[in-house]
Amino acid sequence: MQARQASVLHWARRLTLWAAVLLLVPGCTTLIPQTVDLRTQWPAEVARQVELTQVPFYPQDEYQCGPAALATAMNTSGARVTPESLVPEVWLPSRKGSLQLEMLATPRRHGLVSYRLAPKYADMLREIAAGHPVLVLQDVGMLLPQWHYAVVNGFDYESGTLFLRSGLERRQEMPFSFFERTWRPGGYWAMVVTPPDRIPVTATEERWLEALLGLARGGNAEATVRGYRAALARWPDSLPAAVGLANHLHARGSLADAASVLRTALQKNPQSVILMNNLAQTLSDQGRHREALALIERLDDGQSPFASEIRATRQLIEERLRSNPG
């Protein structure tokens, strides 16, 4: 940790959240709007004091806060990594640091989900209360921007204090208000790293499915299937989750499981052209061509935006029937 940053943080720890809020003039509240809101709008069902003491700590070498913070988050979710092992994946020598893109992409290559939080203080607190340390991007520079990654692993409402794994400090204490001043310049950027079958408590269906697309690009098929199964458990009526799960089951050769997922989804979405087309394709791939043809013939390939896919599926099934009429 550089001396300038240490000096800033030493000064910051002398403040308290609620005292700072009381001293603010009205015009200054715009600098820490979310902190001000927390004073009267504490997130429902979130404890007033939480500290995830089991979160590991890796002292950060100069310019390598990204690998250290990421190793902290990934090890909490079961990965066996060290900051040193992550340096080639996330640290850019030309920039002497790590970009958010690499921070999000790296856990996916290890079978974990990188989920970017909504830019809300309350969401960060909810995730910590649920046992998920939150990796954040801060600007800790005095005059010029100095970007820094840290992991928030606790908070205390009464004193208005956050607890972080940061730099060379295993338990850095920082007032809510000062933290927001450092967090806000980066657009309140924050992420959590979770196993694919453990969805963050603040996750929305759309944002979780986007995170799974990133996981799929990481190449871990089994982890992706687990993530889609978790999505269907959380949002059982989700058509995109059902289609995504069935597609990945099909891709790995689990045709019976894929067909089962599609049939269940079709019961809830009986007019879905995508489900019917994909189920027909899967049935034919199982050798059940006549059943598949009967299903695909229920679809109108003249008006649907998926008309070309329907025609291609029908043509494939008919060709298979001619080759194997039995």
Identity of the residue in segment 293-311, part of a loop (DSSP other than H, G, I, E, B) and among the hydrophobic types (A, V, I, L, M, F, W, C), that ends up modelled with the lowest pLDDT
306
Residue 219 versus (1) surrounded by fewer than 19 Cβ atoms within 10 Å (Cβ to Cβ); (2) in the same structural domain as residue 39 (by TED's automatic domain parsing); (3) within 21 Å of residue 74 (Cα to Cα): which is the lone unmet condition?
(2)
Considering 88, 119, 133, which residue is within 26 Å of residue 213 (Cβ to Cβ), in the same structural domain as residue 175 (by TED's automatic domain parsing) and surrounded by 16 or more Cβ atoms within 10 Å (Cβ to Cβ)?
133
For residue 79, are the conditions met, namely being free of Cβ contacts under 8 Å to residues at least 12 places away in the same chain, more than 27 Å from residue 145 (Cα to Cα) and either under 23 Å from the mean Cα position of the chain (by Cα) or crowded, with 19+ Cβ neighbours inside 10 Å (or both)?
no
Restricting to segment 131-147, count the residues that are under 19 Å from residue 55 (Cα atoms) and part of a strand (DSSP E or B).
4
For the condition out of contact with any Ser or Thr (no Cβ under 6 Å at 6 or more places or on another chain) and not assigned by TED's automatic domain parsing to the domain that holds residue 126, what is the one hit in 213, 164?
213
Please verify whether segment 200-210 includes one or more residues that are part of a helix (DSSP H, G or I) and aliphatic (A, V, I, L, M).
yes
Among the residues in segment 160-174, are any assigned to a loop (DSSP other than H, G, I, E, B) and more than 17 Å from residue 51 (Cβ to Cβ)?
yes
How about segment 211-236: which of its residues are touching a helix residue (DSSP H, G or I) at 6+ places or on another chain (Cβ under 6 Å) and either within 23 Å of residue 118 (Cα to Cα) or in a loop (DSSP other than H, G, I, E, B) (or both)?
212, 214, 215, 216, 218, 224, 227, 228, 231, 232, 235
When restricted to 154, 187, 167, the only residue small (Gly, Ala, Ser), in contact with a Phe, Trp or Tyr (Cβ under 9 Å, 6 or more places away or on another chain) and surrounded by fewer than 24 Cβ atoms within 10 Å (Cβ to Cβ) is 154
Quick one: what pairs do we get from segment 180-208, first residue within 27 Å of residue 30 (Cα to Cα), second of a type in the set (Lys, Arg) and in a strand (DSSP E or B), C-beta under 6 Å, 6+ apart or different chains?
191/116
Does segment 41-50 contain any residue that is at pLDDT 95 or above, under 24 Å from residue 167 (Cβ atoms) and surrounded by 14 or more Cβ atoms within 10 Å (Cβ to Cβ)?
yes
Among the candidates 239, 232, which residue alone is within 21 Å of the chain's Cα centre (by Cα) and farther than 19 Å from residue 197 by Cβ?
239
Assuming residue 73 fulfils every condition listed in (1) surrounded by 14 or more Cβ atoms within 10 Å (Cβ to Cβ); (2) at pLDDT below 90 apart from one, which condition is it?
(2)
Exactly one of 320, 314, 263, 290 is in a helix (DSSP H, G or I) and touching a His at 6+ places or on another chain (Cβ under 8 Å), and that residue is 320
Search result, residues across segment 122-144 that are within 16 Å of the chain's Cα centre (by Cα) and of a type outside the set (A, V, I, L, M)
123, 126, 127, 131, 132, 133
Tell me, please, whether a residue that is hydroxyl-bearing (Ser, Thr, Tyr), closer than 26 Å to residue 245 by Cα and in contact with a Ser or Thr (Cβ under 8 Å, 6 or more places away or on another chain) can be found in segment 172-187.
no
Name the single residue, out of those in segment 256-309 being under 20 Å from residue 235 (Cα atoms) and polar (S, T, N, Q), that is farthest from the chain's Cα centre (by Cα).
271
Where the second residue is part of a loop (DSSP other than H, G, I, E, B) and basic (Lys, Arg) and the first is in contact (Cβ under 8 Å) with a residue 24 or more places away in the chain and over 16 Å from residue 206 (Cβ atoms) and lies in segment 222-238, which pairs have Cβ atoms under 9 Å and are six or more apart or on separate chains?
222/252; 225/252
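The values are calculated or read from the model by the stated rules, or taken from the named source; none is laboratory data. Since we're looking at a predicted model, the values are computed, not measured. Positions of Cβ are generated from backbone atoms using ideal geometry, with glycine treated the same way; all protein chains shown enter the neighbour counts.
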